[in-house]
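Only the coordinates and a few stated rules stand behind these numbers; no lab work does. Worth saying up front: this structure is predicted, and the values here are computed from it rather than measured. Please note: Cβ atoms are built from the backbone with ideal geometry, for glycine as well, and neighbour counts cover all protein chains shown.
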Amino acid sequence: MTDTHPKQHLLEHVTELRNRLLWAVGALVIGTMISYHFSKDIYGFLVKPLADAMGEGANQRMIYTDLTEAFFTYLKVSMFAGGFFTFPFLILQIWLFVSPGLFPKERKAVIPFLVASPTLFILGGALVYYLVLPLAWKFFLGFQSSADETVLPIMLEAKVGDYLNLVMVLIFAFGICFQLPVVLAFMAKAKLITAKTLVSKRRYAIVGIFVVAAILTPPDVISQFSLAVPLLALYEISILLVRYINPDVSPDEPYTI
């Protein structure tokens with residue numbers, strides 16, 4: 001390190017890391033406490049896609065089968081909201097821990113990643129909430145039947161805990177998956193990958209994306225494609241970003257599938 005960035009001892013690094021983790025955990029706790037005050041509103045927001053898919057009727061309800069389930073559901077909803085809204089603060093703490101070891105030119109290069117990461121995370125969560133959930137819930141509710149159709153009617157009695165666990169996992173999963181351009185661009189900045197490598201491995205990436213989509217989404221084709229198609233688009237955008245960051249392929253070289 002230069003005189004501008006004096007070398008720190010290992011103990012100082014560990015202390016700094018501990019402090020940053022404490023700040024991140026503290027922000028999560030505060031965010032959870034604030035969110036708990038609005039937990040019923042957050043619950044209403046998360047169940048709205050299911051309520052809209054059900055339509056008006058006597059069966060538009062959620063149930064719980066354990067005395068403590070409703071309380072812990074509100075608590076998990078509060079932690080979810082607290083984690084979602086404090087995610088940019090976590091990114092900031094990571095940046096504050098890493099930035100002292102970077103040169104000014106390197107710091108300037110990392111700033112776009114700090115902006116892109118939370119933005120893509122929010123876009124991923126918005127995609128699953130406004131597109132995937134309405135389509136998926138309409139598909140699954142289509143398996144309900146009345147007494148005229150079957151000997152005994154088949155009606156949904158959704159458990160509030162199970163439903164919200166699924167929704168929260170999907171929102172976080174989509175948000176994490178949408179970090180793909182950030183990860184690949186950062187790897188390109190570190191000269192770990194090139195655009196030529198991404199192009200040559202595209203077929204494997206397509207298979208991997210569809211496997212991830214099949215694992216993370218509900219088991220219907222619409223939901224799987226709703227995640228896979230944006231990820232494929234992000235992969236192609238990542239190739240262009242990597243080519244811009246680390247131009248290993250000449251402009252005359254064909255860009256083919």
Lysine pairs in the chain with Cα atoms under 27 Å, if 8 or more residues apart or on separate chains
22
Once the principal axes of the Cα atoms of the stretch 179-257 are found, what is the range along each, listed largest first in whole angstroms?
42, 24, 15
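Multiply the residue separation of residue 70 and residue 51 by 0.36 nm, subtract the distance between their alpha-carbon atoms, and state the gained length in nm to one decimal. List each step's numbers first, then the result.
Details: separation 19, 0.36 × 19 = 6.84 nm, distance 1.80 nm.
Using 0.36 nm per residue and subtracting the Cα-Cα distance, I get 5.0 nm.
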For the chain, with a Gaussian network of springs between Cα atoms less than 10 Å apart, report the residue from 217, 197, 32 with the top mean-square fluctuation.
197
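R0 = 51 Å: FRET efficiency of residue 106 with residue 145, Cβ-based, nearest 0.05?
Numbers: r = 61 Å, r/R0 = 1.20.
Here the calculated transfer efficiency is 0.25.
With a length cut of 27 Å (Cα positions projected on each helix's long axis) and a Kyte-Doolittle mean of at least 1.6, go through the chain and give me the DSSP H helices that pass.
On the way: long enough: 10-37 (41 Å, 0.67); 104-127 (35 Å, 0.86); 221-245 (35 Å, 1.67).
For the chain, where a helix must reach 27 Å along its axis and average at least 1.6, the hits are 221-245.
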Given unit charges at Cβ for Lys, Arg (+) and Asp, Glu (-), the dipole magnitude of the chain about its Cα centre in debye, nearest 20, is 940 debye
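For n ≥ 4 DSSP H runs only, could you compute -39500 (n - 2.57) per run for the chain, divide by its residues and tell me the 222 nm figure to the nearest 500?
On the way: 11 runs with 180 residues, N = 257.
It lands at -23500 deg cm²/dmol.
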For the stretch 190-220 and the stretch 145-178, what is the separation of their C-alpha centers, rounded to whole Å?
28 Å
Amide N of the stretch 127-155 lying under 15 Å from the label point, which is placed 7 angstrom from the Cα of residue 233 along Cα→Cβ:
127-132
Ranked on Cβ counts within 10 Å of their own Cβ, fewest leading, 47, 151, 128 go 151, 47, 128
Taking 0.36 nm per residue of sequence separation and subtracting the Cα-Cα distance, how much length would be gained by fully extending the chain between residue 14 and residue 159, in nm to one decimal?
47.8 nm
Positive-end extreme of charge dipole, the chain - chosen from 209, 43, 247 (charges on Cβ):
247
